[in-house]
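Working notes for the structure below.
The values are calculated or read from the model by the stated rules, or taken from the named source; none is laboratory data. Remember, predicted model here, so these are calculated numbers, not experimental data. Glycine gets a Cβ as well: all are built from the backbone with ideal geometry, and neighbour counts include every protein chain shown. For accessibility, only protein heavy atoms count, side chains too; no ligands or nucleic acids. Shrake-Rupley method; radii C 1.70, N 1.55, O 1.52, S 1.80 Å.
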Amino acid sequence: LCCADLFEAILPRFQQRLRLGFPCGGIDAPGAFLRSMGIDYDIGFFCDVSESLRLPLSEMHGRDLVQHFLLGSKGDITKIPVQDLPIVDGIVYGAPCPPFSSIGTRQFSRDSRSDVFEACHELLSYQGREGLKFWISEMVTGQDVSHPGAEVTYYQDWLARLAEDAPMFLVSSHRLNSLDFGTPQHRERIYTFGVHKAWATTPVPRPPHLPRVSSEDLWRCVLHKAFPTQQERRLTTQQQLNVTWAKIRALRSGTWVNPIVVSADRDPTKNFASMLRLDGHCMTLRTQNELIWLMWLQPDGSCTFSRALHPMERFGLQGFQCKFFGSMNKTEMLAATGNCMTVPVVGAALSAVFRHVSQAARCSPWLSLPLDLSACWRRSEKRNAETQLARDIEFLEARRLALGA
């Protein structure tokens, strides 16, 4: 049996076809994983406030399907009555992080953007009463940080409210880092799993990590040689200083793994640690305009390779194929990649849910299905990397010619 056949084997207990809902869809990381594995599923609803996603989503799903997506002002989940959305088998979402992140100064409920998270909470409660079988939520770790005057964190308070408003779910939470799932990016997030008590007797356990591989192999699947990159001599004075300071810090430490990665736009007087990584991995991508610089540093202080990360390559860091996003401008790319879930991480989360449900249903003999799915995804991505990059570049070049660029 192929992976798709194994997935289909557990779907009859749900429906003939799995039906998913995405209240904060973004560029659809869950769908990217499921499509890469050949898993067939239906989209009950897809909401997002960004109209600029229509073209790339149309490239991914087809125009006929995307015309039913709620995008732009129609996709504001805070303004959609929960009863107006179709009942689905599973919901996967990552609400906006600014209310809970250090960049957003952690205003929590005082930030109106936290209304999206609360709307998703209401949606889970309503759909749980109507037959929702599982859900997955992704959020920044700042949601679990104490703030002045509060006895518990926002996240702890939410879990307590969830137990009261949606008692039909068994809930578990795990901190997952993209580094553990085959991407060269440090991106730690809180993944919360809910599975209906009718479909399992224990909460979903932590998804297993994938075996670590060298950062060089991981970056080979991300970087596009044909993409134009900025030369170091063209950086601003502050950016050049930041790059130079990064080299000095690496040399003084005496230990580093190439490439050295520095966010050349961040203010080093505030927190240099957040703008420099010496372990061969990238720092967490942000939605703001920032220049990420890569250097292959030698012991004598010289660099065999030094260049900027192209905005299109950020999609590779998040596990996407970049060919779908050629219609987006730089600002849209930064926002999309800074806000989205990482494909292999949400893939591991989905796999963990399906594995757990299959175990509860005693659907042996393929209980290792989810780990196999995640590992198979990464091996396939690595094996086809060079061919896919060539196709992506050809596709983007054809698009630029068609647009008269």
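For segment 289-308, name all the residues that are touching a residue at least 60 places away in the same chain (Cβ under 8 Å) and part of a loop (DSSP other than H, G, I, E, B).
L291, the sole residue that qualifies.
Inside segment 74-92, can you point out the residues that are more than 19 Å from G338 (Cα to Cα), hydrophobic (A, V, I, L, M, F, W, C) and crowded, with 18+ Cβ neighbours inside 10 Å?
Within segment 74-92, I77, L85, V88, I91 meet the criteria.
Could you please find all residues in segment 288-343 being small (G, A, S) and more than 13 Å from the chain's Cα centre (by Cα)?
The answer is G301, S302, S306, A308, G326, S327.
Of everything in segment 243-279 that's closer than 25 Å to D217 by Cα, in a helix (DSSP H, G or I) and open to solvent by 50 Å² or more (accessible area, probe 1.4 Å), which residue is modelled with the lowest pLDDT?
If we take residues in segment 243-279 being closer than 25 Å to D217 by Cα, in a helix (DSSP H, G or I) and open to solvent by 50 Å² or more (accessible area, probe 1.4 Å), then A273 is modelled with the lowest pLDDT.
Only residues that are open to solvent by less than 30 Å² (accessible area, probe 1.4 Å) and aliphatic (A, V, I, L, M): list them for segment 138-152, please.
Result: M139, V140.
Looking at T183, T201, T236, T153, can you tell me which residue is closer than 18 Å to H310 by Cα and either among the hydrophobic types (A, V, I, L, M, F, W, C) or in contact with a helix residue (DSSP H, G or I) (Cβ under 7 Å, 6 or more places away or on another chain) (or both)?
Residue meeting the stated conditions: T183.
Can you tell me which residue in segment 323-354 is most open to solvent (accessible area, probe 1.4 Å), limited to those that are in a helix (DSSP H, G or I) and β-branched (V, I, T)?
Ranking the qualifying residues of segment 323-354, first place goes to T331.
Select from segment 194-242 the residues that are of a type in the set (G, A, S) and surrounded by fewer than 18 Cβ atoms within 10 Å (Cβ to Cβ) and list them in ascending order.
Hits for segment 194-242 are A198, S214, A226.
Determine whether H186 is surrounded by fewer than 17 Cβ atoms within 10 Å (Cβ to Cβ) and over 19 Å from M283 (Cα atoms).
no
For E216, only one of the following conditions fails: (1) free of Cβ contacts under 8 Å to residues at least 60 places away in the same chain; (2) out of contact with any Lys or Arg (no Cβ under 8 Å at 6 or more places or on another chain); (3) part of a helix (DSSP H, G or I). What is its number?
With respect to (1) free of Cβ contacts under 8 Å to residues at least 60 places away in the same chain; (2) out of contact with any Lys or Arg (no Cβ under 8 Å at 6 or more places or on another chain); (3) part of a helix (DSSP H, G or I), E216 is out only on (1).
Being at pLDDT 50 or above and part of a helix (DSSP H, G or I) is the filter; apply it to segment 1-37 and report the residue that is farthest from S73 (Cα to Cα).
The residue in question is S36.
Looking at I103 and the list (1) open to solvent by 60 Å² or more (accessible area, probe 1.4 Å); (2) of a type outside the set (S, T, N, Q); (3) at pLDDT below 90; (4) in contact with a strand residue (DSSP E or B) (Cβ under 8 Å, 6 or more places away or on another chain), which single condition is not satisfied?
(4)
Kindly check whether there is at least one residue in segment 49-65 that is acidic (D, E), touching a strand residue (DSSP E or B) at 6+ places or on another chain (Cβ under 7 Å) and modelled with pLDDT of 90 or more.
Within segment 49-65, one or more residues are acidic (D, E), touching a strand residue (DSSP E or B) at 6+ places or on another chain (Cβ under 7 Å) and modelled with pLDDT of 90 or more.
Could you grab the pairs with beta carbons closer than 7 Å, sequence gap of 6+ or different chains, first residue in segment 153-175 and open to solvent by 60 Å² or more (accessible area, probe 1.4 Å), second one of a type in the set (G, A, S)?
D165/S125
How many of the residues in segment 123-168 are part of a helix (DSSP H, G or I) and of a type in the set (S, T, Y)?
Residues that pass the stated criteria total 5.
Just to verify a result, which residue in segment 35-73, among those that are open to solvent by less than 30 Å² (accessible area, probe 1.4 Å) and without any contact (Cβ under 8 Å) to a residue 12 or more places away in the chain, is nearest to the chain's Cα centre (by Cα)?
S58
Every residue, every condition in (1) of a type in the set (D, E, K, R); (2) modelled with pLDDT of 90 or more; (3) in contact with a strand residue (DSSP E or B) (Cβ under 9 Å, 6 or more places away or on another chain), yes or no:
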| site | (1), (2), (3) |
| --- | --- |
| L294 | no, yes, yes |
| T304 | no, no, yes |
| G326 | no, no, no |
| A335 | no, no, no |
| N339 | no, no, no |
